[in-house]
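Derivation of every value follows stated rules applied to the coordinates shown; laboratory data play no part. Small disclaimer: the values here were computed from a predicted structure and weren't measured. Every residue, glycine among them, receives a Cβ derived from its backbone with ideal geometry; neighbour counts consider all protein chains shown.
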Amino acid sequence: MATTLLINRSGLMVMTFLSLYLIEAFDYSKAEAGFVVSFYGWGSIFGVWLGGFLAEKVGYLRIQILAMLVSGLVFISMYFCSEYFQFILLTFLVSATADTFRPANMASVPWFSSEENRTRSIALIRLAINLGISIGPAVGGFLAITLGYASLFWVDGITCIAAGIFMFSFLGIKDPNIRNGSNKELASEEIETVSSELITNEPDKASPKFWWLVISIFFWSFAFFQIIYGFTVFMKEDLLFDEFTIGLFYTLNGLIIFFIEMPVVQVLQKKKTVPILNVGIVLCAISFIFLFLGTPQLLLFPIGYILFITFGEIFYLPFTNTLALNYTPEKSRAKYMSYYSLAFSISHVLGPLLGLWLADKYGFQTLWVLCSLVMIVVFIMTQKLKD
């Protein structure tokens, strides 16, 4: 599973540079580009709902493989876009197909892990994702300069298809869970073990803390996702860096996570979760101060941003993933993890829509101040998760 995601995310280029592509190649305003990219979020909302619904009926592995194959074809079809409506439609479709993958992927983690190593298993998957991210945007920036932005659609599409073929080759399409009679010991262990942080639930209902967690994650991800939507445009237009240099900042982000996250998770996985989340949130809040102080062609401030936002991510995301799994019942896990994914999907709508609109109307400094304030709100909300 981790290797599949490594292949898939090594081609992560289109969404990193899509808003910049629309502005540079088609002369759209920041607000217009943000409106197009917001349909990635709408597609994601539909995709995670569809993925959560179909996973229980079709099979978790089948859905993941199909999602990667189809999304790869849609990415390639974006190469032929030239009209505003075409970009809106295919941006929606590419995320709708790609994010059908997410609920089934997260819900299948318990099949290949135990309660004791689940956080490390999630961190391993994130490590693969971030190693891919350290490759994709840098290569994408290089391709954008040398071959043009349109080449990114082909590379992104091909890596999605390759990942789907790889998963099929090594895991097949038969789910290793109790419903099809295989891996019964693992399924039985999963049902019987209960995390120390899990509140007693009704058999098919999530803990009330699950919903509070989902709301706080929505606010966190709204600010965090500006690393995809606002940061790229800000670096190009305000700080005057080229695409390859911009891609290298994502490489720095991915490499730090690759080398640091697993050791951090291994050391902290048995500690109380909320204090760890607090550290991550504070680091993220501070990161936007560096962008607010950003000066053209000066690397100090964007590097400071990447360092703080990355360590904030390390101390936040793996532990919220684990909490979400711990707060949900085993037999309805795919459904509830689709709600968890939905929080990120809604942020993918409002992140570019409001973020680039604010930058267009009031400047990027206003956006960075707002992001810091949002992180403060997340910090306050997270205290509700304490036992």
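Tabulated values for the structure
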read-out: Number of the exception - residue 304 against (1) under 18 Å from residue 232 (Cβ atoms); (2) of a type outside the set (A, V, I, L, M, F, W, C); (3) touching a Phe, Trp or Tyr at 6+ places or on another chain (Cβ under 9 Å); (4) in contact (Cβ under 8 Å) with a residue 24 or more places away in the chain; value: (4)
read-out: Unique match (being crowded, with 24+ Cβ neighbours inside 10 Å and at negative phi) among 31, 25, 67; value: 67
read-out: Qualifying residue in the range 37-48 (condition: assigned to a helix (DSSP H, G or I), in contact with a Phe, Trp or Tyr (Cβ under 7 Å, 6 or more places away or on another chain) and surrounded by fewer than 24 Cβ atoms within 10 Å (Cβ to Cβ)); value: yes
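Quick grid of which residues meet (1) more than 21 Å from the chain's Cα centre (by Cα); (2) under 30 Å from residue 113 (Cβ atoms):
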position	(1), (2)
329	yes, yes
333	no, yes
338	no, yes
345	no, yes
349	no, no
353	no, no
366	yes, no
